[in-house]
Every structure is written in C-alpha cells, then in structure tokens.
1. When you check ALA592 against the structure, is it in a helix (DSSP H, G or I) and either closer than 30 Å to THR746 by Cα or modelled with pLDDT of 75 or more (or both), yes or no?
2. Looking at segment 325-345, can you tell me whether even one residue there is surrounded by 23 or more Cβ atoms within 10 Å (Cβ to Cβ), part of a loop (DSSP other than H, G, I, E, B) and of a type in the set (Phe, Trp, Tyr)?
3. Criterion first (touching a helix residue (DSSP H, G or I) at 6+ places or on another chain (Cβ under 9 Å) and exposed (fewer than 15 other Cβ atoms within 10 Å of the Cβ)) does THR23 satisfy it?
4. Going through SER394, SER430, SER363 one at a time, which residue ends up being under 25 Å from SER245 (Cα atoms) and in a loop (DSSP other than H, G, I, E, B)?
5. Among the residues of segment 459-484, what is the count of those that are buried (at least 16 other Cβ atoms within 10 Å of the Cβ) and not in a helix (DSSP H, G or I)?
6. Can you confirm whether segment 176-199 contains a residue that is surrounded by fewer than 23 Cβ atoms within 10 Å (Cβ to Cβ), at positive phi and of a type outside the set (Phe, Trp, Tyr)?
7. Need pairs with beta-carbon distance below 6 Å; first residue in contact (Cβ under 8 Å) with a residue 12 or more places away in the chain and more than 12 Å from PRO387 (Cα to Cα) and within segment 499-523, second among the acidic types (Asp, Glu) and surrounded by 16 or more Cβ atoms within 10 Å (Cβ to Cβ); sequence gap 6+ or separate chains.
8. Do any residues in segment 5-28 that are more than 18 Å from MET94 (Cα to Cα) have Cβ atoms under 8 Å from those of residues that are crowded, with 18+ Cβ neighbours inside 10 Å and among the acidic types (Asp, Glu), where the two are at least six apart or on different chains, and which pairs are they?
Amino acid sequence: MVEQNLLLLLVLTPFISAALAATLPVGSRNAETWLAGLTMVVALGVLAVLYPSVAEGGRIIGKVEWASSIGLDLTFRIDGFAWLFMVLVAGIGMLVLLYARYYMAPDDPVPRLYSCLLAFAGAMSGLLLSGNIIMLVVFWELTSIVSFLLIGYWYQRQDARDGARMAFVVTASGGLCLMVAMILLGQIVGSYQLEDVLTAGPTITSHRLYPVVLVLFLLGAFTKSAQFPFHFWLPNAMAAPTPVSSYLHSATMVKAGVFLLLRFQPALGGTDAWFQLVTGAGLITMLMGAFVALFKHDLKGLLAYSTISHLGLITALAGIGTPMAVIAAVFHIVNHAVFKASLFMAAGIIDHETGTRDMRRLSGLARAMPVTATLAIIASAAMAGVPLLNGFLSKEMFFEATYVWNNGSPLDNAAPYVAVIAGALSAAYSLRFIVAVFFGPAATDLPHAPHEPPALMRLPVMLLVAACLGIGIAPQALLGGWLESAAMAILGPDLPHFSLKIWHGVNPALIMSLIATSLGILIYLVPRRWIDQGEEGLRITRALDFGRAFETALQFLTVRLPRQALKLTSAPGLQAQLRVMVLIGMAAAYFALGPLDWNIPLPEINSRELVFALLWLIGGGCALAAAWQAKYHRFAALILMGGAGLVTCTTFVWLSAPDLAVTQLLVEIATTALLLLGLRWLPKRNVEIPGDNNLTSRFRRLRDLLIAVTCGLGMTAIALAILLTKPGNSIGDWFLRHSYVEGGGTNVVNVILVDFRAFDTFGEISVLAIVGLTVYGLLRRFRPAPESVERPRPQVEAEEQALEAYLFIPAILMQWLFAPIIALAAYLFFRGHDLPGGGFAAGVTFALGLLLQYVASNVRWIEARLTILPVRWMGAGLLIAAAVGLGSWIFGAPFLTTHYQYLDLPLVGKVPASTAMLFDVGVFSLVVGAIVLMLIAIAHQSLRVSPRVRSADPEEPN
C-alpha cells in the first residue's frame, strides 16, 4: 500500500508544485528554483525507495477505482523500464531547472516557465506510469498541451507562436490516432489494462484489425518522436527558451514516442509489417536528419536535426526488435538524453554570453570560454561516437544490430550501409560543431564579448559531461544493473545475457564504427564549400523541411476548404440556416424510421385522454400565436411562449413527473424574466423585406408552418414508437428498486442525478459554467447603436420613467417576496433527496429571487444592497462538487461514490444524511452563479455609462 501511494506521489507532486509556482511573483527566480528543485529531489528519493521492488523484472501496480464497470480505472504501474525513464525525467529535469535560474532574465515571467516545466514533468510521469492505456492517451495529449505553452513561452514572437502551433497540431493529431488505436486494442484484448495488453501479443497480431491498429499506433508514436515525414515540427520548436529545448528534446517530449514503441513492442511487434514500417521509418529519419544537420548554421538547428537523426536510430532498433536491439535502444535513450541535454545547455550558454547562435559568426571561443569549450567538445564527441564516451558503446550496439541477419528483406540488407552513412554524417556535423565554434581566429562581430558563465549555470553541463565519461569508461558498473532491469521489463524471460564492455575485440561493429568515423572526417573536410554555404546553397535541405508544406496544407484545411464549404452550404440569415438543419434532420429521421413496424396498437381513447388533448391544443395554440405575434408584438409573443411552457409543465404533472414539472416551471420563470430584461436590445423588426410581397410572405410563412408541423408529428411518432414498444423491464425499474437501498433517497430522479449518474451531472454543471461565462463575455462588450434598438432613446427613457411610477407598488411587493423566495429555495434544497426538489431547483429559485429584484428595481439600487459575486459562486460550486468526488478516494471508493447514514440528533431524532447533499451544494452554488452572471450581463446594458467609467468585472458589480 505504501508503494502504491508513492506512485501517486510521483504523479501528483509535479502538478501541485506547478500550481504553487504559478502563484509566485515575477522578479525573483530563487523561490521557483528551490520549489522545482525540491520537487525533483523528492521524485528521485521516491524512485530510490522503489528500485528494489522493480529490479530484476519486478513491478508495482497501484489502482484507484474510477469507472470499473467499463474498465476505466486510474491504474499506475512502474517497472524497470518506466523507472529508468523516470530517473531521466527527474534527474535531467532538476539540472535543467537549475540551469534555467541563470539563463532566464529577472524580468521574464519565470513563474510561468517553472510552472509549465513542472506540469510537463507531471504529464510525462503520468504517461510513463500509466497502467491503463486510455489513461496513457490522456497524459499523452496533456504533454502536447503543455509543450504548446512551453514552445510559445515568448508569445510576443511570431516564430514562437508558429512553432508552438505547428508542434501542437502535429502531435495532438497523432494523439487522436493513438486514442483510436488504444480503443481498438482494448476491444481486441477485452481489457484496457496495460498488463493485459502487453501479454496478448499473439491475439493482437492475428486479429483482422491488426493492420489498422498498427498504422494508427505508429502515427501517434511517429508524430511525437518526429519521425519522417512528421519531423518538421521539432526544428521549428527551437523558438522556445533553451532550458525548454534541453528538457523536451533530450529526456521527455520526443522520447515519449520511442518509449511507446518499446513499451508496446511485445504486443504489436514481431511481424513483417512492424519491421518494415518501424525500421524503414527509423532508417530514413536517421539518414535525413544527419544529412540536414550538417548544413545548419544555427546551433540549436543543428542539434534539433541531430536529435531527429538519433530518434530515428532508436526507432530503427525498436523495429528490428531482437533482444539485443531492444537493449541497445534503451541504452541509447539514456546516452542520447545525457549528451544532448548537455549540448543544448552549452549552446544556450554560447548564445547567452555572445548574443548569437550563428556558427558563421562564432569562432575561436575556446580562448574566451575554455571550460565551456571543453565540456561542449566532450559532449559533441559523445554524440559522434568517439571511444571512451557513452555514445560510442550504444552506437556499436546499433551497428551490430543492423549487421546481424534478421529476415533477409531488401530493407534488412540495406540497414548496415544506411547505418554507416548516417554514422559518418553524425561524425561530420559533430566535428563541424567543434571546429566552427571553438577553433579558428577569434570572432570580431559578436553582439557581446564572450566570457565564461556563472559557475552554477555551468554545473549542470559539467555533471552531464561527467556522466558521458563515466558511462563510457565504466558502463557496467554505472548503468549495467539499471539497464538490465529496464530491458527485462520489456523482454521478460527472453532477455539474453549481456555485458557492457569497452572492448569486444575486432568485430564487424568496430570495423563499421571506424569506417563511419573516417568517412565523417572526409565528409567534413572535402565538400567544405557546400557545408559553409549551408541550406541556402543546397536545395535538397530546403526541400526536406516540410514546414512550408504543412503551412500550405493547414491554410487549405482551415481557411480555403471551410470557405468553399460555407459557400455551398450556407444560407443568408439565421432562420434559413436553421431551416436547412431541420430539413436535414427530417430526412435522416425518415430513413431511420422507415424500416420500423408501425402496426402498433393504440391505447383506448377516453375522457381523460380527451382532456389531455384539449390541454395540448391550448399549448399548440399558444405556440402558433407566439410565432404569429413575433412579427408584430414581441412582448405578447413572450407571454404566449410562457403559456406553451406552462402546458409542458402541466404535462409533466399529468404524467407523474413532479421533478420535471418543478424544474420546467422554474426555468420558464427564469428565462421569461431574462428575456424581459433583454427584450429592448433586440434589433428592429424587418416588417418589409426588399423584393418581397404579400403573396411570397404568406408562402414563406406557410412553408415554415408545414415544416414545423411535420417535425412535430415526427417527434410524436418517435415518442409513440418508444413508449409502445419498450420492453417489460426498463432501466427505470432498476433505479426504482435501488434508489433507496443504494442511494439513501426516495426521490429517484434526484438520486440518479447526485449518485448513480453524478459524473454526468458534474459534466453538465461544468458546461453550465462555460455557458454563463460565454454569455457574459459576449454581452460585456455589447453596446448597441441607437439606431439598432427597437425605439429611440428619448422614447425609451420616457417609458422607463412612466414604468417606474407604475410599478412602484409591484416593486415593493417583489422586495418583500425576496425573503420567502429564499426560504422556498432552502425548502426545495433540503427536501430534494426524498421529495421533488434538489440543488438545481433550489439554485434556480434562489436566482429568481435576485432576478425579480433586477426586474422591479433600479440596477444601482439593488446592487447597493445585495452583493453577490457570481464567478466565485461558480468556482466554489465546481470545487465543492469535485472535492466530494475526490473525497471518496480517501476511503478507497470510486470517484463520486456516495455514502449515507442516519444521524441521531438531540430533540430531533434520526435524520438522513448523505454526501450527495454536499454534491448538491456544489450544484446549487454553480446554478446561482451562472444565472446571476447572465443576469448582471443583461441588466448592465440598461446603464447609460461609458464602459471605461464603470467596471465590467462580475466580481465588482456596479
């Protein structure tokens, strides 16, 4: 149990720290650094405690019940592979956060940066530790969202906004494909638990949907790990601050894709399709990335394309899929994270101290920055695969994996040659990075005089370079055990014996490495002129950047195509558009209802049914009259609409649905009052339409009447078909039997809303909050021109004065009614679990008490006496509802599980008490806040005061 709680701590701590960091003031970077650093130290400490349990193939699984009936529980799972990845996330994250303390300027919004970095660490932790594949997709998409915020951190820059948008569109689109793949996987296996999916490899690969699942899965992995042809987003993401680039592109963001490939290799791998697609994409990406990196002048651009190349290397190893290839892939993930994080930080130091990242302007920095130069040279040599450094070992393991015969396909035969060429290009661009920046004559046109950075800014680079040397010299001692545990978590009993050694004798891998290094030196020295010209002098490098093609495609899909579709499908005016929608719905209903058997025995007609029909004739007459009066007198139309609503309310009473009747009545009153407040702001009525005459006007109205009658008859037919053909036992019977036994209430409707379907209610009140904020946001800027309103302003003012005198007595009565209405709201709230009522009805009633005051009194007068802050009410409602749901977790129950019992109160006796009442408090608070927020937005339109003078903040009502 302790270990399971530690898993939750690993995921939740970064998010809690992110929320705290966001509240810190701008200007001091120390508090953020200490908070973030301690968060990473806690994560490393927890990982140290958990390691004995995950070593040698062990794993820890923690489970929090959520929606067990459909297989969706919050399951967290850690094994050796996830543990090693978590060490990279926390360890390199701690160094990046220390580096950011000195890289960022004091006037930068540093709290926002640290908050996003911590949130990203939390999202990555959730992804790595997810034991449920649907939950994995949620965290997967969360990494895309937070990376969007990080890449666009300097949002005032166009390149940052474009890079953030591009990265989000590509990776989030891949995430949608991954979501579909995971849903299909769950259906194939019969479970969404990762443990079950990983052990169902033969079932998955033999299923007829395996090709579809594989393609969708690879689209998700390839977009995140920047594989060809989705690689273009990563170089454009270099507009982010260097600490962000160092973290996202070494140990976290881009590594999520290769983590997914290796994690699901036992379930989806081992087939020819897997080998061809994954290995093929990896080799192409590795070769293309290395080639383009050689011609980049920007330091971060070179490192970005080198990252693409190394990601291709890891992807190719995952595609090969042999045990030694999987071990090599995990080993290179660690090595690449170490030397690439140090290189990004070194590039940031150079940019920070010289003012430029352009290698054409940088030269001879070894004299002015000897320590930084030494660190960057060692890290670059590790990237090139020089002996006695960590990159050399995993590069040789990669060469060996490609050299070994796998399946004899053309791709398998070409793999060793592609690997050698890509290795040569890697040595060439690493050599260019070293020579162009640190050697040669001293640069003379730099924006700043180069000098060494502060020691603590250089410390993270020193630690990472020390790791490059340590792993390269003593790999087995420093990393052997961790690597074995990680590989065993993927391969299980198929893990072969291996030993990390510097020297394995003269073998094909060593020969391939020597050829690649020698060829890389020649590539850098011989075509020097082409390399110096860079991408401007070589068209193919520009052609391989698909950024322009992406922008063109995005412009077509988001602007041109919708515009053409709008021209074909749109109609002038809202009424015409609604008419098209209704006709489409009618056509769809006709095809859906056509095959049904309509030989349904109708019930007997007696006097009771005749009275009910007469009632609905009255309601229908009100509706028709409202449609007719809307052309001439809107106030009369509003009253007639209320009449139709009252008939609907009476119908609910007739059919024994008192809860619906109460809600309908209250909502009718609220909407009528709100419409009364906003009626004056409607635009002028178009009594005459240009080119229209009396005949066409009648035809149009007759046409609309026929459409409305047809739709009404269709809805009646659907309702009859459902009512008369329903099975003997419905879901309603189950609720009737279990509402009191399991929910503690006799009002079945309310028990359903706050217990059985409380999660749905939570979503609905969230939507209501969004609607309230949207209405307020639209109306707060609404200032109708005098010519657009119904009557001239002088006439309106005169009518207002007369109306105030006329309504003096009703206003007094409405003020006196305020207290009884509040009492009624309390009555409806407390009886809701056993009798018609509840939080929603009570909230509407309470809001009606305030609404009537606005209708009958002056806005300034009422707000001087009643202060209500609707946004805070809405926020409190959501927090209370969520807290009630989360509280059930403390007792090991699923989210929003209700507990009830009878309390024995002195002088009162036993009274029922349920946690559902607390949830209803949240519903009540949010409903009041949303209605009052819309009320304030409408009522304030009556104030003829400049918006610059009066506040538009709902928290400070005027």
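The values are calculated or read from the model by the stated rules, or taken from the named source; none is laboratory data. Just so you know, these numbers come straight off a predicted model, no measurement behind them. Note that we place each Cβ from the backbone using ideal geometry, even for glycine, and neighbour counts take in every protein chain shown.
1. no
2. No, every residue in segment 325-345 fails to be surrounded by 23 or more Cβ atoms within 10 Å (Cβ to Cβ), part of a loop (DSSP other than H, G, I, E, B) and of a type in the set (Phe, Trp, Tyr).
3. Yes: the conditions hold for THR23.
4. Every option except SER363 fails the conditions.
5. Residues flagged as buried (at least 16 other Cβ atoms within 10 Å of the Cβ) and not in a helix (DSSP H, G or I) within segment 459-484 amount to 0.
6. The answer is yes; a qualifying residue exists.
7. Short answer, once both residue conditions are applied: ALA509/GLU396; ALA509/GLU400.
8. From residues that are more than 18 Å from MET94 (Cα to Cα), the pairs are LEU24/GLU32.
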